[in-house]
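The values are calculated or read from the model by the stated rules, or taken from the named source; none is laboratory data. As the structure is a prediction and not an experimental result, all values here were calculated from the model. Quick reminder, even Gly has a Cβ in these numbers, built from the backbone with ideal geometry, and neighbours come from all protein chains shown. The accessibility values were calculated without ligands, DNA or RNA, using every heavy atom of the protein model including side chains. Shrake-Rupley method; radii C 1.70, N 1.55, O 1.52, S 1.80 Å.
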Amino acid sequence: FIIRRTSLKKFLTVEIDNDMRIDKYLADEMDDLSRSHIQKLIKDGNIRVNDKPVKANYRLVFDDRVEVFMPEVKEPDIVPENIPLDILYEDKDVIVINKKQGMVVHPAPGNHEGTLVNALLYHCKDLSGINGKIRAGIVHRIDKDTSGLLVACKNDLSHKNLSQQFMDHQVNKIYYCLVNGVIPH
């Protein structure tokens, strides 16, 4: 396995003999990228095998030459805001927030400020960059009108590991709903 790094391109020479999907192989070999990020790179034509674009289900063979082009990330500036957070747990890797109802998790059209990400960027100087600055550190989300616990990661390794746990359904989520009156359905 060989990696030669340039500013925006990574080269890999496959030294396996076992018919592995390219997205799985790259996720295993490149700790700094999540599998979903790799799949997006493939879909956008930024990953080539033997000078040809491939699909995420491409099966690698021994001596394939893999090129990974890392496009420059262009995201709007997210302004850190001093918004009070209800922090239930925090360590060097993660922070657990009790998100209040009415707060948007990450900036989106119509909600560029006052979001949980704006508050986290003020509170935590470093957050995971896996999903970019707009979703800095956010592994999962809950709707604006829902209150509840939300985990954000402070580094890419914890983000990748926690994302994998969510994907593998190793994280148990419990939802409670309070109802007033009679619901017809």
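With a 1.4 Å probe and all protein chains left in place, how much accessible area per residue does region 105-163 have, in Å²?
Numbers: 2800 Å² over 59 residues.
Dividing the accessible area of region 105-163 by its residue count gives 48 Å².
Each Lys and Arg contributes +1 and each Asp and Glu -1, all at the Cβ; summed about the Cα centre of the chain, the dipole is approximately 340 debye. Extension gain for Tyr122-Lys24 works out to 31.8 nm (0.36 nm per residue, less the C-alpha to C-alpha distance). Count Lys and Arg as plus one, Asp and Glu as minus one, and take only other residues whose Cβ is under 9 Å from that of Ile130; the net charge is then 0. Here the calculated FRET efficiency for His112 and Asp32, from their Cβ-Cβ distance with R0 = 41 Å, stands at 0.90, rounded to the nearest 0.05. Counting Lys and Arg as +1 and Asp and Glu as -1 over every other residue whose Cβ lies under 12 Å from the Cβ of Asp156, the net charge comes to -2. Label reach from Val96 (point 7 Å along Cα→C-beta): in region 108-150, amide nitrogens under 19 Å belong to 120, 124, 128, 137-143, 147-150.
I need the Kirkwood Rh of the chain: take the reciprocal of the average 1/r across all distinct C-alpha pairs and report it in angstrom.
On the way: mean 1/r = 0.0537 Å⁻¹.
Over the chain, the inverse of the mean reciprocal pair distance is 18.6 Å.
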